[in-house]
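Visitor: Sharing a structure here in structure tokens format.
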Amino acid sequence: MRALTWHGRHDVRVDTVPDPEIVNPRDAIIKVTSTAICGSDLHLYDGYIPTMRAGDILGHENMGEVVEVGSKSTLKVGQRVVIPFTISCGSCFHCSKQQYSACDNSNPATTSDMSETLYGYPMGGAFGYAHLTGGYAGGQAEYLRVPYSDVGPVVIPDGLEDDQVLFLSDILPTGWMGAVNAEIEQGDTVAVWGCGPVGLFAIQSAFQLGAHRVIAIDHYPRRLQLAKQMGAEILDFREVDVRDALFEMTGGIGPDACIECVGMETHGLGIDNLADHAKVWLKLGTDRPAAFRQAILSCRKGGRVSVPGVYGGMMDKFPIGAFMEKGLTMKTGQTHVQKYTRQLLEMIQEGKLDTTWFISHHASLEDGPDMYRHWHDEQDSYTKIVLKPGLAKGEVKAKQEKQHEPA
Amino acid sequence: MAPFMLNDEDDERNGSVERALIGAAAVAATAGLAYLVARTLGGGGGDKAPISDAPPSALRRGYKPSDALVSRTVTIARPARELYDFWRRFENLAGFMDNVKSVETLDDKRSRWTIAAPGGTEIQFVSRITEDQPGRVIAWESEEDAPVRNSGRVEFLDAAPGRGTMVRATVDYDPPFGTLGRGVAKLLQREPNVQARRDLRRFKQLMETGEITSSASPSGRRSEEPTRQYL
């Protein structure tokens, strides 16, 4: 089959590789119909995530049609399914608490050593995201092996397009969990850092969960425009001092909850971010957490900080004084996708969530390497790219931006 | 005079402070060095009595009864008796223990183990059960002529209500060529600590999910097959 493979920093290629096979009884194989490029794929593309091996297949936002099942799979050939990016066994302690991304069994025994050494306990498994999370092939390919297929995949009812449901795999539940973790109360003002797809979903989710106002922060005009369409007030951090602006806009109280959807590769001109850039360049540091610091410093006393943004290593100058003295609560974590998919699928069917409006491009798998370059270099105009293995090379469709009607 | 420049009139006192500091530093350095030497030469076999409620393998040198003691605990969401029963049929162990090629039951107490050793070789020994409490404990010891003398026990301890069983496997062994052999085995990832950790993870996977997790999948690496686990 054809598959998009990683070969090093800023080097992805489309290769011919063997087809996946059923390995364990609970496996299934799907023929991929849609697979998106995620913001966190850029961390791999930029070479920030350790334990990648040349030849790894990328892609963790996948859906397709079941073509083969193992003897213990509950799926049926022909079903359309969305595949959560987290691989979860469904029977360990963590899965029983619905902490699916913390699954204790889905990272193979040998690859578990790395994250146990780094983080104290092994990470759960995930598709297409380095060997720290198991070394599973991703779905930016024609076919994908899905382990524990009786736990993760969401069977999609007829009448729903791929674009409507694809993001149940990652970014929709990630934005949703970001808002849930912010413990939003009626009347709250919620500030959201980063208007990429996760941030945009966090904005929608915050309103669904009762936020009175949402203030969105970014510097890409088009992304801020999308945030505005969702009903958010917007701040371009090149134009304003974000902390001053939030203080003034909230009447000196500050946002009740802050959702940080940026992660380890923050943009921005602050002196701390420039210093972080230098440290990363010198290999003295791994993460650039300027947005994270700003969220903690901006949050109101007794407020909540929710962090769906991805981090990998150590952080310098965590504002622990502000965090403690203001009595903040922080929640974070990889998304427990399976916990939210059923509820979110219902909300999509009821028209409560619009999941398609920010998709900017459809492209063939063969055009994947070009799409990675655009996604990396032109974040203003490429707001979300969906690869479709069914399309022919060169068949790139820029989607007309759809005007969003708030639900 | 660098760090303690007081003022000119205090020169004499200043000098004595400095000498006292240098003396104190020298004493501290000597004590530290002596401690390090003692630690390095001291080896295992600690004689200090620990007060911590931790299993012996978690103790630091000086407290740990033996350097060769390896132990690992894993919580498995299944009843103790079921886990004991599976383990007690020693033939099953080859299914999740990487180094165990096969186990053959000889009689009630004795079984013959075939183990993969560093360098692609195999060793065999006969193991004898020394303690057997159904649902609780299995302990064993290699017979006298084993090439690698070893003994071990696996305990099945009730976790908090509703949380299954804590399985603690402990192995004490005499590595061939002593400490050097242990170092080589570690490099080859055949070291018992690494093996115990991975074997118990596989045991947990098998007992909780019914299969041993594998990330075997296709890749752009031409030498690899999509049905095998490589890392």
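The values are calculated or read from the model by the stated rules, or taken from the named source; none is laboratory data. What you are looking at is a predicted structure, and each value in this text was computed from that prediction instead of being measured. When we count neighbours, we look across all protein chains shown, and the Cβ atoms used for this are built from the backbone with ideal geometry, even at glycine.
Visitor: Would you be able to say whether some residue in segment A:78-86 is within 12 Å of another protein chain (Cβ to nearest Cβ) and crowded, with 19+ Cβ neighbours inside 10 Å?
Guide: No, the conditions are met nowhere in segment A:78-86.
Visitor: Can you tell me which residue among A:90, A:128 is at positive phi, of a type outside the set (Val, Ile, Thr) and surrounded by 23 or more Cβ atoms within 10 Å (Cβ to Cβ)? If you could, list the steps in order and put the result at the bottom.
Guide: Values: A:90 fails: surrounded by 23 or more Cβ atoms within 10 Å (Cβ to Cβ).
Result of the check over A:90, A:128: A:128.
Visitor: Quick one: in segment A:20-34, which of the residues that are within 11 Å of another protein chain (Cβ to nearest Cβ) and among the charged types (D, E, K, R) is surrounded by the fewest Cβ atoms within 10 Å (Cβ to Cβ)?
Guide: If we take residues in segment A:20-34 being within 11 Å of another protein chain (Cβ to nearest Cβ) and among the charged types (D, E, K, R), then A:21 is surrounded by the fewest Cβ atoms within 10 Å (Cβ to Cβ).
Visitor: Does segment B:75-83 contain at least one residue that is surrounded by 14 or more Cβ atoms within 10 Å (Cβ to Cβ) and modelled with pLDDT under 95?
Guide: no
Visitor: When you go through A:135, A:139 one by one, which is the residue that is touching a residue at least 24 places away in the same chain (Cβ under 8 Å), buried (at least 24 other Cβ atoms within 10 Å of the Cβ), closer than 14 Å to residue B:217 by Cα and more than 10 Å from every other protein chain (Cβ to nearest Cβ)?
Guide: Details: A:135 fails: more than 10 Å from every other protein chain (Cβ to nearest Cβ).
None of the others qualify; the one that does is A:139.
Visitor: Which numbered condition in (1) farther than 27 Å from residue A:183 by Cβ; (2) modelled with pLDDT of 95 or more; (3) aromatic (Phe, Trp, Tyr) is the only one that residue A:281 fails?
Guide: (2)
Visitor: Can I ask one more? Out of the residues in segment A:49-73 that are within 9 Å of chain B (Cβ to nearest Cβ) and within 19 Å of residue A:126 (Cα to Cα), which is surrounded by the fewest Cβ atoms within 10 Å (Cβ to Cβ)?
Guide: By that ranking, first place goes to A:54.
Visitor: Residue A:37 - would you say it is within 14 Å of another protein chain (Cβ to nearest Cβ) and modelled with pLDDT of 95 or more?
Guide: no
Visitor: Shifting gears a bit: How many residues are more than 8 Å from chain A (Cβ to nearest Cβ) and under 24 Å from residue A:149 (Cα atoms) when one looks only at segment B:201-223?
Guide: Result for segment B:201-223: 3.
Visitor: For segment A:100-132, which positions are at the interface with another protein chain (Cβ under 9 Å from one of its Cβ atoms) and of a type in the set (S, T, N, Q)?
Guide: Within segment A:100-132, A:105, A:106, A:107, A:110, A:111, A:112 meet the criteria.
Visitor: Any chance you could count how many residues in segment B:208-231 are in contact (Cβ under 8 Å) with a residue 12 or more places away in the chain and of a type in the set (D, E, K, R)?
Guide: 2
Visitor: Do we have residue A:91 as more than 21 Å from residue A:19 (Cα to Cα), at pLDDT 95 or above and not in a strand (DSSP E or B) here? Reasoning before the result, please.
Guide: On the way: more than 21 Å from residue A:19 (Cα to Cα): yes; at pLDDT 95 or above: yes; not in a strand (DSSP E or B): yes.
Yes, satisfied.
Visitor: How about segment B:38-74: which of its residues are among the basic types (Lys, Arg) and either under 14 Å from the mean Cα position of the chain (by Cα) or modelled with pLDDT of 90 or more (or both)? Walk me through it before giving the result.
Guide: Going through segment B:38-74, the residues among the basic types (Lys, Arg) turn out to be B:39, B:48, B:60-61, B:64, B:72.
B:60, B:61, B:64, B:72, listed by residue number.
Visitor: Follow-up question, since we're still on this one. Suppose the filter is in the same structural domain as residue A:160 (by TED's automatic domain parsing) and at negative phi; does residue A:98 pass it? Working first, answer last.
Guide: Numbers: in the same structural domain as residue A:160 (by TED's automatic domain parsing): yes; at negative phi: no.
Answer is no for this residue.
Visitor: Check A:365, A:353, A:345 and return the single one that is assigned by TED's automatic domain parsing to the domain that holds residue A:87 and within 18 Å of residue A:152 (Cβ to Cβ).
Guide: Details: A:365 fails: within 18 Å of residue A:152 (Cβ to Cβ); A:353 fails: within 18 Å of residue A:152 (Cβ to Cβ).
Selected residue: A:345, the only one of A:365, A:353, A:345 that is assigned by TED's automatic domain parsing to the domain that holds residue A:87 and within 18 Å of residue A:152 (Cβ to Cβ).
Visitor: If you go through segment A:7-19 one residue at a time, do you hit one that is buried (at least 18 other Cβ atoms within 10 Å of the Cβ), farther than 27 Å from residue A:196 by Cα and without any contact (Cβ under 8 Å) to a residue 12 or more places away in the chain?
Guide: Looking for residues that are buried (at least 18 other Cβ atoms within 10 Å of the Cβ), farther than 27 Å from residue A:196 by Cα and without any contact (Cβ under 8 Å) to a residue 12 or more places away in the chain, one finds none in segment A:7-19, hence no.
Visitor: So residue A:129 clears everything in (1) within 16 Å of residue A:153 (Cβ to Cβ); (2) under 16 Å from the mean Cα position of the chain (by Cα) except one condition, right? Which one?
Guide: (1)
Visitor: Search segment A:286-301 for residues being more than 14 Å from residue A:320 (Cα to Cα) and out of contact with any His (no Cβ under 9 Å at 6 or more places or on another chain), and hand back the single one that is modelled with the highest pLDDT.
Guide: Top of the filtered list is A:300.
Visitor: Okay, moving on. Quick one: which helices (runs of 4 or more DSSP H) lie wholly within segment A:276-365 and hold at least 2 residues that are of a type in the set (S, T, N, Q)? Can you show your working first?
Guide: On the way: elements: A:290-298, A:320-325, A:337-349.
So the answer is A:290-298, A:337-349.
Visitor: Also, I was wondering about something else. Can you tell me which residue among A:246, A:226, A:172, A:200 is surrounded by 19 or more Cβ atoms within 10 Å (Cβ to Cβ) and touching a strand residue (DSSP E or B) at 6+ places or on another chain (Cβ under 8 Å)?
Guide: Working: A:226 fails: touching a strand residue (DSSP E or B) at 6+ places or on another chain (Cβ under 8 Å); A:172 fails: touching a strand residue (DSSP E or B) at 6+ places or on another chain (Cβ under 8 Å); A:200 fails: touching a strand residue (DSSP E or B) at 6+ places or on another chain (Cβ under 8 Å).
Every option except A:246 fails the conditions.
Visitor: Surrounded by 14 or more Cβ atoms within 10 Å (Cβ to Cβ) and in a loop (DSSP other than H, G, I, E, B): is that true of residue B:172 in this structure?
Guide: In short, no.
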